[in-house]
Amino acid sequence: MPFSEPAMLDPEARRLLLDVAWESLRHGLARGTPLTPDPAGFPEPLRAHRAAFVTLNHFQSLRGCIGHLEPCAPLVQDVAENAFAAAFRDPRFPRLEPWELDALTLDISVLSIPEPMRFRDEQDLLRQLRPGVDGLILADGAARGTFLPSVWESLPRPREFLNHLKGKAGLPGDYWSPTLRVSRYHTESFGG
């Protein structure tokens, strides 16, 4: 099955999304709610239903990361909600405080539609992985986890990447089952 690349956003669309994400953080600090932008006021690529993740770093350490794997809203609304959620709802971190804003960096990853992978066994799956390119969704029963392509920077070897993803899904690193499902996606990532 051919892999469909997401349509690239032009520099102006990227700038608008970054502005919306930052404004949602400031709105959250001031009002306790996410910004709710009206998609009608934005260019068509930002009105399209696309899935995105927003990642926050504070002094180059992860401070929050929330997103959707499947499109559920216009991209501009998805980014506003995920920026707020990364700052105030990520269960791994306390709520963002105003004093943190100046040292915060923000990255947006817009996802392609995840596509199921076909593989015979774990070795076949590992051979198909493309470090630095593929984001993965791993699922088996109620266990589910994802790693964005950016995670390859800290886990560059396919086996290591897959084993840590299994752990994130709540499975042992050596887990294997014929019912295991893996999908891959790509991202267009940018920050500011």
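The values are calculated or read from the model by the stated rules, or taken from the named source; none is laboratory data. Computed from a predicted structure; not experimentally measured. Virtual Cβ from ideal backbone geometry, glycine too; neighbours counted across all protein chains shown.
Select from the range 141-189 the residues that are outside any helix (DSSP H, G or I), touching a helix residue (DSSP H, G or I) at 6+ places or on another chain (Cβ under 9 Å) and in contact (Cβ under 8 Å) with a residue 40 or more places away in the chain and list them in ascending order.
The answer is 146, 176, 180, 182, 184, 185, 186, 187, 188, 189.
Report, by residue number, each residue of the range 108-132 that is of a type in the set (A, V, I, L, M) and either in a helix (DSSP H, G or I) or over 15 Å from residue 182 (Cα atoms) (or both).
108, 110, 111, 125, 126
From the list 141, 135, 64, 145, which residue is outside the structural domain of residue 19 (by TED's automatic domain parsing), under 26 Å from residue 170 (Cβ atoms) and surrounded by 22 or more Cβ atoms within 10 Å (Cβ to Cβ)?
Only one candidate passes the filter, namely 135.
Here's the yes/no breakdown for (1) farther than 16 Å from residue 190 by Cα; (2) surrounded by 13 or more Cβ atoms within 10 Å (Cβ to Cβ); (3) assigned by TED's automatic domain parsing to the domain that holds residue 150; (4) touching a Pro at 6+ places or on another chain (Cβ under 7 Å):
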site	(1), (2), (3), (4)
16	no, yes, no, no
30	yes, no, no, no
88	yes, yes, no, no
98	yes, no, no, no
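Residue by residue, here is whether (1) in contact with a Ser or Thr (Cβ under 9 Å, 6 or more places away or on another chain); (2) in a loop (DSSP other than H, G, I, E, B); (3) surrounded by 18 or more Cβ atoms within 10 Å (Cβ to Cβ); (4) in contact (Cβ under 8 Å) with a residue 24 or more places away in the chain holds:
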position: 8; (1), (2), (3), (4): no, yes, no, yes
position: 12; (1), (2), (3), (4): no, no, no, yes
position: 102; (1), (2), (3), (4): no, no, no, no
position: 106; (1), (2), (3), (4): yes, no, yes, yes
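Show the residue pairs meeting these rules: Cβ distance below 6 Å; 6+ apart or different chains; first residue within the range 120-140 and within 21 Å of residue 51 (Cα to Cα); second residue charged (D, E, K, R) and surrounded by fewer than 14 Cβ atoms within 10 Å (Cβ to Cβ).
139/181
Does the range 62-82 contain at least one residue that is among the small types (Gly, Ala, Ser) and part of a strand (DSSP E or B)?
yes
If you take the residues in the range 14-56 that are part of a loop (DSSP other than H, G, I, E, B) and among the polar types (S, T, N, Q), which one is nearest to residue 97 (Cα to Cα)?
Among them, the one singled out is 33.
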